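Beneath this line is the structure, given in structure tokens, with notes to follow.
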Ligand SMILES: *Cc1c(COP(=O)(O)O)cnc(C)c1O
């Protein structure tokens, strides 16, 4: 889509390369970056292209549409869906060599039938629910996997689980989840079902649960340069990849007693220089930023005044010298010595940095910096 509006997200591929190199220092296991939700809002195709140049061969997405988008661009990458795929789409999985997550016997039977029909082998990874309470085999895992392993044209390449509390200072629950996976894997091996790949580590587990690294790690957030550990327990020198920017569209000075925005929630107490920004909550600038959120202009913090609108937002620039229409505004990212992090925006919105990144919507063009 052509872009005529001065609002954009800068995606710094050098920062991405830096992050993947840092992550490789944390583990000897293969890295399968998680690029679901359009690579956490960064643009999956561009992110995968850059990571392939760093030697990454395997990628994880949340569902089949996302996998097919990547397959269309990268015929030789290993692509895995780490979420449910309905049995009726088994033939697509087999044809496109996409590895599904299997957590029901019926899925495996449908996949086996598709593979037989297409005269191919289908690789699968088995998902075990060891305590996340989301999806995965539970009590009957051993029997179910045994049955699946006997299906024609099915290659059980991997077995994995997902940790519920890997970002916690208390890792005992995470360890109990790993114990369950280990026990099941041992039992399968002993009965002659040799599953060569185990995985469990999301970003916080890559950082602080080395027992979870196994053959593959599945980091998402740290690839994009954000630290998932609340109190930044460990500084592993990550660089945020994405910044959100815009240019001032209008400037005016209002008198004391005049109001700004819907519902007149802000009244000027002094002559106030107001800048209007051409983005709003439909772009991912949360409405909870109304009257109190901040953005950066000329390296200084300025306050959002009035309610954030769908497409526009007003800020008080009374204290900024020489401000002009067209000046750059940083909503997320760095300007001079000041920085607004996804964590800061998340705290204000009562959420986590993941949701801030995913919340930057499609209509914001992504600009890729690479040098
Ligand atoms: C999203 C997801 C990840 C990545 O999580 P991060 O915390 O972003 O590293 C890994 N594994 C599974 C199953 C996921 O759903």
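No value in this document is a laboratory result; all are computed from the given coordinates. Since we're looking at a predicted model, the values are computed, not measured. Using ideal geometry, Cβ is built from the backbone for each residue, glycine included, and neighbour counts are taken over all protein chains shown.
With axes computed from alpha carbons, what is the tilt in degrees of helix 13-26 against the longest principal axis of the chain, rounded to the nearest 10 within 0 to 90? The helix 13-26 is inclined about 50 degrees to the chain. Taken over the C-alpha atoms, the range 115-173 has Rg and Dmax values of 14.9, 49 angstrom.
With all pairs of different C-alpha atoms in the average, the Kirkwood value for the hydrodynamic radius of the range 13-224 is 17.4 Å. Projecting the alpha carbon convex hull of the chain along each direction and taking the average yields 20.6 nm².
For the peptides 282-292, 248-258, the ranking by mean Cβ contacts within 10 Å, running from highest to lowest, is 282-292, 248-258.
With a Förster radius of 45 Å applied to the beta-carbon distance between residue 334 and residue 96, the computed FRET efficiency rounds to 0.70. Each DSSP beta bridge with both residues in the chain is either parallel or antiparallel, and the antiparallel ones are about 55%. Each helix, a run of at least 4 DSSP H residues, gives -39500 (n - 2.57); summed and divided by the residues of the chain, these come to -8500 deg cm²/dmol at 222 nm. Each Cα pair under 8 Å and six or more residues apart adds its separation to the average, and for the chain the resulting relative contact order is 18 percent.
A full extension of the chain between residue 118 and residue 194 corresponds to an added length of 24.9 nm, given 0.36 nm per residue minus the alpha carbon distance. Ranked by the mean number of other Cβ atoms within 10 Å per residue, highest first, peptides 213-222, 336-345 order as 213-222, 336-345.
Put simply, when 46-59, 194-207 are sorted by average Cβ atoms within 10 angstrom per residue, most first, you get 194-207, 46-59.
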